[in-house]
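Read the structure below first, then the notes.
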Amino acid sequence: MSVPFDTVNILNVPFIKTTNAGFVQQLQTDILAHRNRFVVTANPEILMYAREHPNYQQVLTQADYITPDGIGVIQGAQILGTPLPERITGYDTLLTLLEWGSQQHQRIFLLGAKPAVLKQVTTIVQRDYPGIVVAGARDGYYDDEQTVVDQIVAAQPDMVFVATGFPKQEFFIAEHRQRLDALWMGVGGSFDVIAGAVKRAPLFWQKHHVEWLYRLIQEPSRFKRMLVLPRYLRLVKKIARQQAH
Ligand code: UDP
């Protein structure tokens, strides 16, 4: 990583040690300078997936900034005795960049989600962030990846938001980012949240660190995915004990 931040290592993944404000400020500098940047917002699920999939781990090493998305990462850092200041989620970063991008008349490309969701997101972004230029948009259920990349390059966006979920979005960005100097960021299910298809937990749940429980109640099909959390915490605790010896 070409990092202007200190990092904290959790399961061999270096997380930037900064605040939301510090991170966004750095991104704004990068974007205005047209630097090629790859952002991963990682949670415990991603960390555990990377352990079992070396090709994904390899992709993570190519990211410029990896942020702690998910309370599990903050807890992990605490357990290891190297605390991180706060969560930096893909969703919050996306909204902050849209707000700033609107003032700066930045160009964006939206890639991901189902066609109807994407259409709604495009409308909402144009309505709520009128200064933004939506240079292009494409749903996440494409067959021909090359055509999608050509479409992005032709649109010449300053920021490319890829909302096709992990690991697909990170593989896509790592493979194609060299075609265009822009900010490339995976934002997972954020388009569904913007379109209102999935609700983000109210502040109360977020503040009490149970956003994951709220999401589980909304989407019970996520249960299997969440089973990875206790396994992750056990692993981090084991590493912390080994380090103590
Ligand atoms: N998605 C997509 N293309 C695919 C698979 C998924 O665009 O081939 C979209 C899906 O519609 C949803 C998002 O990717 O909007 C995945 O959301 P999820 O919350 O599962 O992602 P996470 O935040 O866990 O990475």
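Output the relative contact order of segment 113-176, whole-number percent, from Cα pairs under 8 angstrom with separation of 6+ residues.
Values: 35 pairs, mean separation 19.9, N = 64.
This gives 31 percent for segment 113-176.
Could you tell me what percent of the accessible area of the chain is made up of carbon and sulfur, with a 1.4 Å probe and every protein chain present? Before the final figure, lay out the partial values.
Details: 6140 of 11790 Å².
The C+S portion of the solvent-accessible surface of the chain is 52 percent.
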For Ile10, enumerate residues with amide H under 5 Å from its amide H, sequence gap 5+ or separate chain, H modeled in the peptide plane. Phe15
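Given the rule -39500 (n - 2.57) for each run of at least 4 DSSP H residues, summed and divided by the residues of the chain, what is its mean residue ellipticity at 222 nm, to the nearest 500 deg cm²/dmol? Can you show the working numbers first?
On the way: 13 runs with 128 residues, N = 245.
Mean residue ellipticity at 222 nm (helix-derived): -15500 deg cm²/dmol.
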Could you pull out every one of the lysines with an alpha carbon less than 21 Å from that of Lys207, ignoring same-chain neighbours closer than 8 positions? Lys17, Lys199
In percent, what relative contact order does the chain have, based on Cα pairs under 8 Å that are 6 or more apart in sequence? 22 percent
Tilt relative to the chain, helix 145-155 - C-alpha long axis, 0 to 90 degrees, to 10: 60 degrees
For the chain, dividing by residue count, accessible area per residue (probe 1.4 Å) in Å² works out to 48 Å²
Return the percentage of antiparallel bridges among DSSP beta bridges fully within segment 1-160, rounded to the nearest 5 %. 25 percent
Run down the aspartates and glutamates and flag those whose C-alpha is under 15 Å from the C-alpha of Lys224, throwing out any fewer than 8 positions away in its chain. Glu45
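Hey, what did segment 128-245 get for relative contact order, percent, Cα under 8 Å, at least 6 apart?
Details: 75 pairs, mean separation 19.1, N = 118.
Computed value for segment 128-245: 16 percent relative contact order.
The values are calculated or read from the model by the stated rules, or taken from the named source; none is laboratory data. Since the structure is predicted, the reported quantities are computational estimates derived from the model, not experimental observations. Note: areas computed on protein heavy atoms with side chains; ligands, DNA, RNA excluded. Shrake-Rupley method; radii C 1.70, N 1.55, O 1.52, S 1.80 Å.
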